Amino acid sequence: MNHAADQQLIEAVQAGDEVAVAQALAGGADPNAAVSRYQGSVLIEAARSGRLGVVGLLVDAGARIGPFGYFHVTPLRVAMLEAHADVVQYLIAHRALPAESTTRTSILTEAVSYTRHRPRPAALATLRVLLEAGATPHPGEEAPLITAVMRPVAPAVLRLLLANGADVNQQRSDGTPAIVIAARRGDHGAVDVLLQAGADVDTRDQQGRTALMHAVERNEQRVIAALLLAGTVIDTVSTDGMTALELARGWQHQNVQFMLGEHHAGLDDEPITRTVVRILPTSVRLTGDPQMLHLLANVIVIVLDDLGDDEWATRTGVDANTARAVALRLRNEVVPAPNASWYQLDVTADELAATRSALVELAYGTTRVLPAATSRLEIVDLLEELNRQHGR
């Protein structure tokens with residue numbers, strides 16, 4: 001064992017110096033020398049840093065491509081995690097795939113997941129290399145398309161998987177089709193990609209429910225629109241006797257009822273079989289810069305002054321005193337957040353409803369006065385941002 005040569009090799013690999021690496025190997029350095037217990041071998045270090053030339057020298061010298069050390073790390077996996085597609089391709093060409101450990105998550109499943117955690121072109125290129133090399137999930141793991149939809153990942157990843165042979169109607173291990181999973185999660189981008197690739201818009205899960213039914217229950221209006229535009233059948237009946245329209249009525253999703261063709265919608269008390277638990281906050285925390293929170297106060301005051309208390313209550317369904325109180329709080333009770341740079345105010349659900357109602361009136365109602373230096377489109381944007389966060 002030549003400790004001096006090994007140390008020379010480690011330093012050369014860390015520096016990415018191919019000449020010095022070759023010299024150290026020629027001087028008797030061990031191509032499997034460990035950089036440290038946690039960093040792994042010199043080959044793993046070279047793969048992590050994306051030094052393809054160094055990787056080649058080490059492999060040619062007999063460096064071990066398979067799992068190394070206590071944590072069973074492989075050069076291929078660290079190259080994938082760092083999105084070095086060229087290194088991944090080289091290692092695969094030198095039989096790195098069969099050398100991967102079967103006791104860890106498969107490298108393909110991990111590569112799909114990583115496109116969400118570290119989305120960048122190189123991660124997509126690395127996934128493409130693995131797919132083209134025939135990488136597969138381990139037995140018991142979900143198909144890559146299901147993994148992608150469940151994460152969820154960007155549409156580009158789904159398109160790549162489909163282009164490389166993924167079944168657009170792939171089912172999860174419990175029989176749930178990919179498009180139903182995407183609809184349940186409100187992922188309209190994934191729904192659109194799957195539909196464009198030919199997914200069956202009316203396929204059902206084990207309970208006989210379609211993607212439309214799940215999207216309706218969850219008030220996912222962009223998903224509903226995509227499914228309706230694709231021609232989904234509205235009056236399909238599930239195994240437990242539900243239709244999409246009955247689910248919309250039972251959850252009192254009035255906008256969805258109109259989307260499904262209803263001309264009148266009220267607060268129906270219709271019993272349904274529900275597959276989701278809905279969260280209804282009784283209070284929320286508004287966070288932002290003081291001027292933005294003060295803007296909300298100004299909007300409330302302007303609309304109250306324009307409509308008057310009775311008209312306000314009629315149009316919004318919110319007590320005028322509640323609106324006046326929250327406007328005062330937005331002006332006087334906003335405080336700095338601990339350990340953060342924003343300001344905040346805790347408000348009740350009724351106070352939030354008053355704030356949103358004022359924005360609706362100023363954005364789309366009859367009130368024409370606007371806060372100083374603010375356009376109506378800015379009010380519309382602010383309203384839509386609140387609606388998106390509040391799940392409307």
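A short reminder: the numbers here are calculations on the coordinates, not readings from a lab. Just so it is clear, the model here is predicted, and its values are computed rather than measured. Counting neighbours? That spans all protein chains shown, and the Cβs are built from the backbone with ideal geometry, glycine included.
Computed on the range 264-363, the Cα convex hull volume stands at 142 Å³ per residue.
Its Cα gyration tensor gives the range 1-141 an equivalent ellipsoid; the semi-axes, largest first and in whole Å, are 27, 15, 12. Is any residue of the range 294-320 close enough, with backbone N under 20 Å, to a label point placed 7 angstrom from the Cα of residue 376 along the Cα-Cβ axis, and if so, which? Output list for this probe position: 296, 298-308, 312, 315-316.
For the range 36-80, backbone nitrogen atoms closer than 20 Å to the point 7 Å from residue 102 Cα along Cα-to-C-beta are found at 65-69, 71-77. Distance between Cα centroids, the range 106-170 to the range 37-76: provide it in whole Å. Distance between centres, Cα-based: 24 Å. Within the range 297-373, the GluC sites (Glu not before Pro) that combine a DSSP coil assignment with at most 14 other C-beta atoms in a 10 angstrom radius are 333. The length gained on full extension between residue 339 and residue 118, counted as 0.36 nm times the residue separation minus their Cα-Cα distance, comes to 76.9 nm.
Taken about its Cα centre, the range 7-113 carries a charge dipole of about 320 debye when Lys and Arg each add +1 at the Cβ and Asp and Glu each add -1 at the Cβ.
Residues of the range 343-380 with an amide N closer than 20 Å to a point placed 7 Å from the Cα of residue 310 along the Cα-to-Cβ direction: 366-367.
Residue separation of residue 346 and residue 11 scaled by 0.36 nm, minus their Cα-Cα distance, works out to 115.1 nm of gained length.
Which of the trypsin sites (Lys or Arg not before Pro) found in the range 70-175 are loop residues per DSSP with 16 or fewer other Cβ atoms within 10 Å of their Cβ? Taking the range 70-175 and a limit of 16 other Cβ atoms within 10 Å, the loop trypsin sites (Lys or Arg not before Pro) found are 95, 104. In vacuum, with every alpha carbon of the range 161-278 counted as one equal point scatterer, what does the Debye formula give for log10 I(q)/I(0) at q = 0.12, 0.15, 0.16, 0.18 Å⁻¹? Two decimals, please. For the range 161-278, the Cα-only Debye profile gives -0.39, -0.60, -0.68, -0.85.
Using Rg and Dmax of the Cα atoms in Å as the read-out, say which of (i) 20.7, 65; (ii) 28.8, 91; (iii) 22.8, 70 was calculated from these coordinates. Matching entry in (i) 20.7, 65; (ii) 28.8, 91; (iii) 22.8, 70: (ii).
Helix-only mean residue ellipticity at 222 nm, the chain, DSSP H runs n ≥ 4 weighted -39,500 (n - 2.57), per residue, nearest 500. What is it?
The helix-only estimate for the chain comes to -16000 deg cm²/dmol at 222 nm.
Among the trypsin sites (Lys or Arg not before Pro) in the range 233-298, those located in a DSSP loop and surrounded by at most 13 other Cβ atoms within 10 Å of their own Cβ are 274, 278. Fully extending the segment from residue 94 to residue 70 would add 6.3 nm, taking 0.36 nm per residue of separation and subtracting the current Cα-Cα distance.
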